[in-house]
1. When ligands, DNA and RNA are left out and all protein chains stay put, how many square angstrom of accessible area per residue does the stretch 81-157 have with a 1.4 Å probe?
2. In the stretch 61-131, carbon and sulfur make up what percent of the accessible area (probe 1.4 Å)?
3. Please list, in chain and number order, the residues 5+ apart from residue 78 or on another chain whose amide H is under 5 Å from its amide H, with Hs placed from the backbone.
4. Compare 96, 67, 201, 250 by solvent-accessible area with a 1.4 Å probe and give them largest first, with all protein chains kept in place.
5. Find the centroid of the Cα atoms in the stretch 198-260 and in the stretch 74-132, then give the distance between the two in whole Å.
6. For q = 0.12, 0.15, 0.21 Å⁻¹, what log10 I(q)/I(0) does the stretch 112-263 give under the Debye formula with an equal point scatterer on each alpha carbon and no solvent?
7. What residues qualify as long-range amide H neighbours of residue 55, i.e. H under 5 Å apart, gap of 5 or more or another chain, H built at 1.01 Å from N?
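The values are calculated or read from the model by the stated rules, or taken from the named source; none is laboratory data. This one's a predicted model, so the numbers in the text were calculated from it and none came from an experiment. Remember, those area values only see protein heavy atoms, side chains included, never the ligands or the DNA or RNA. Shrake-Rupley method; radii C 1.70, N 1.55, O 1.52, S 1.80 Å.
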Amino acid sequence: MIVKMGSLLISPPISRWAALRERYLGRPLVKNRLVHSQSLRGGEQAHRFRGGLGVTAQRIWLSNLPEGFRGFRILQLSDIHHSLFVPLDHVAAVVELSNRLKPDLIALTGDFVTYSRSSIEPVAEILGGLRARAGVVAVLGNHDFRVGADAVERALRRQRIKVLRNRHRLLQRRGSSLYLAGVDDYGYGADLGQAMCGIPEDASTILLAHNPRLVTAAACRGVGLVLSGHTHGGQVNLPLLGTVYGRSPEQMRFKMGWDRLGVTQIYVSRGIGTIVLPLRWRCPAEVPLLELQPHQRGDAFSSAFLQRSYATSWPASTLGIAAD
């Protein structure tokens, strides 16, 4: 399917989104407080994210990225987990923040609900207010399959959100093409071969996969970038003890943030919601905003600015960026 990048996806109508925002946020958000105070602490919506909510802005250099996609910005939302502990006003605040960042594409990487089928339609309706020039795409997570994958897919499609279940689509911009693939969750029918069927071997490809365990299969196929969630970054990060995954760099590989395996880069979002425990500790919710840049062998690029997170500049060594 070909997506015209110049068109604006509108779903639901603006007036309808305004009504939903008024209902779940109570009053319009203050722009400066929402965007420029990235942790939202001290802002009107701070009470909604007691563990913190941050925007992580990071550049990703991709080999073979077409020149037309230089500067293309992908906003990722993952693990919303709408439930009693992640009410709709939380989700509406995240939608409002996402729209103010004006991304080119919004990628939803699964786990929209936690346990109840009654949560499906309300969260899909709120997510229908997302705006991006190239539209909104999604894959399903393990909780979506446990609750009802087909019901989640239908609810999202009714909001004109494209759900990629072992499929891909072609994005076009400024005369260039970029492939975007999506798979079902690991253990619930993920078929990377089917998703990538028809994609040229040398094409620049981005894969949406809820579980980062698929990074190994993606690396075998030369996928340029994988966007995942599922781990919540550990959700609770205790001093000295670390997270449920451990605390060493080896234990935390592919559990949070940027990493790479061979030629394949991966970004694992800490997500929005919570699971098991209705809290986060030293592991705030996250909205990644990824800016794509073409990378050629031998290119020199500045390490002064690679990532902004909570108003902190990270050096290149922290991210582990390396040339092919």
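1. Result: 29 Å² per residue.
2. Looking at the stretch 61-131 in its full context, I get 57 percent from C and S.
3. The list, which skips near neighbours in sequence, is 109, 271, 272.
4. So the residues, ranked largest to smallest area, are 201, 250, 67, 96.
5. With the stretch 198-260 and the stretch 74-132 each reduced to a Cα centre, they are spaced 21 Å.
6. -0.57, -0.87, -1.34
7. 287, 310
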